[in-house]
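This report concerns only the one structure given below.
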Amino acid sequence: EAQVTQNPRYLITVTGKKLTVTCSQNMNHEYMSWYRQDPGLGLRQIYYSMNVEVTDKGDVPEGYKVSRKEKRNFPLILESPSPNQTSLYFCASSCGPGQGNCNYGYTFGSGTRLTVV
Amino acid sequence: AQTVTQSQPEMSVQEAETVTLSCTYDTSENNYYLFWYKQPPSRQMILVIRQEAYKQQNATENRFSVNFQKAAKSFSLKISDSQLGDTAMYFCAFMAYDNAGKSTFGDGTTLTVKP
C-alpha cells in the first residue's frame, strides 16, 4: 500500500530533551515536507526537500532540523524542544513534475501529536 | 511570497444540499497548482481535488468540483449532494511549479453537514 509513515503517533517530552520524529514513504517520491498544525493557523511548512541532500526552509523552520540522506526517509529533529513546539506535526511526500505521469500534490502521514512540558 | 485566504471559518449545510467553500490567493507566479484537502475528525489529511493553473477547465472529482478564476485569483470548492461523511475541516493550498515542494495553506474552513 502506498503510504507515508511517521512515528511516533503521540509523544510527550520535557523541555530540552532532543527528539526525532521519523518519516518514511514507499512511493519513490522526490519531494518530502514537514508541517505543523496549530488551532486557527492552518498548516505551516517547516522544511521541505526536493531530493536527496536537497532541503530548504519553509515558513517556520526555527528550532527544527531535517536531513534527507535517503530518498524514502525525511526525519524531523528537535534539538532542544520548547513548550511552543507543542503541536500536531505532519510529514508528506509528492512526486515531482519531472517524474513521469506525476499527479502532483502531497500525500500526508497520519500525524504526530507532540507535547513538550 | 504566496498567501492563501479562506474567509469562512465555519459553514454548515443540510444533508443532500450543495455548499461552496471560498478560497482566494495571491501570487506573482504564472504556473502553479491549487488543491483542496479534507481533514475529518480522524485528523488524516486527504487530497480532495487538484487544479493546474494552465488548465482552463475546472477540475471535478465525483461530487466535488472547483470554480477556478485565474484572473481573480479565486479557487472555490463546490460539494454537491452533501453527505454526513463530508463533515470535516477543508484547506485550500497553493504550490508554485517553479518552486516545487514549497507550499502555502489557508487557515481552513470547518464544514458541518447536518442530518
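The values are calculated or read from the model by the stated rules, or taken from the named source; none is laboratory data. Note that the structure is predicted; figures quoted are calculated from it, not measured. Counting neighbours? That spans all protein chains shown, and the Cβs are built from the backbone with ideal geometry, glycine included. Accessible surface is based on the protein model in full, side chains and every heavy atom, while ligands, DNA and RNA are left aside. Shrake-Rupley method; radii C 1.70, N 1.55, O 1.52, S 1.80 Å.
Write down the accessible area per residue of the stretch A:6-117 in Å², having rolled a 1.4 Å probe over the full set of protein chains.
About 45 Å² of surface per residue is accessible.
Probe of 1.4 angstrom, ligands and nucleic acids ignored: what's the accessible area per residue over chain B, in square angstrom?
48
In the P(r) worked out for the protein assembly as shown, what percent of Cα pairs fall beyond 27 Å? Could the numbers behind the result be given before it?
Values: 8992 of 26796 pairs.
Percentage above 27 Å: 34.
Rounded to the nearest 5, what is the percent of antiparallel bridges among the DSSP beta bridges in chain B?
90
Compute the separation of the alpha-carbon centres of the stretch A:71-94 and the stretch B:32-106 and state it in Å as a whole number.
For the stretch A:71-94 versus the stretch B:32-106, the Cα centre distance is 24 Å.
Roughly how many percent of the accessible protein surface of the stretch B:1-112 is carbon and sulfur, given a 1.4 Å probe and a whole-percent answer?
Details: 2280 of 5310 Å².
Here carbon and sulfur together make up 43 percent of the probe-accessible area.
Quote the Stokes-Einstein diffusion coefficient, in whole µm² s⁻¹, for the stretch A:44-117, based on the Kirkwood radius over alpha carbon pairs, a temperature of 25 °C and a viscosity of 0.890 mPa s.
Calculated translational D: 181 µm²/s.
Sorted from largest down, give the three principal axis spans of the alpha carbons of chain B, whole angstrom values.
Projected onto its principal axes, the Cα set of chain B covers 43, 27, 21 Å.
From other protein chains only, count the Cβ atoms within 10 Å of every residue's Cβ in B:95-107, then give the mean. Numbers along the way, then the final one.
Numbers: counts 5, 0, 2, 1, 3, 11, 17, 9, 13, 6, 8, 2, 5.
Rounded to a whole number, the mean comes out at 6.
How large a share of the accessible area of chain A, in percent, is made up of carbon and sulfur atoms when the probe is 1.4 Å and the other protein chains stay in place?
Here it works out to 48 percent.
Show me you know the interface measure: the accessible area buried between B and A, both chains summed, probe 1.4 Å, in Å² to the nearest 100.
Values: alone 6540 and 6350 Å², together 10910 Å².
Chain pair B/A: roughly 2000 Å² of buried accessible area.
Within a 10 angstrom radius of each residue's Cβ in B:43-49, how many Cβ atoms of other chains show up on average? Whole number is fine.
Values: counts 7, 5, 12, 2, 7, 1, 1.
Counting Cβ atoms of other protein chains within 10 Å of each residue's Cβ and averaging gives 5.
Take every DSSP beta bridge with both residues inside the protein assembly as shown and express the antiparallel ones as a percent of the total, to the nearest 5.
Bridges in the protein assembly as shown that DSSP calls antiparallel: roughly 90 percent.
Partner chain Cβ atoms within 10 Å, averaged over the residues of A:36-43 - can you pull that number for me?
The per-residue average across the peptide is 5.
Quote the FRET efficiency, to the nearest 0.05, computed for B:Glu17 versus A:Leu88 with a Förster distance R0 of 45 Å and r equal to the Cβ-Cβ distance.
0.90
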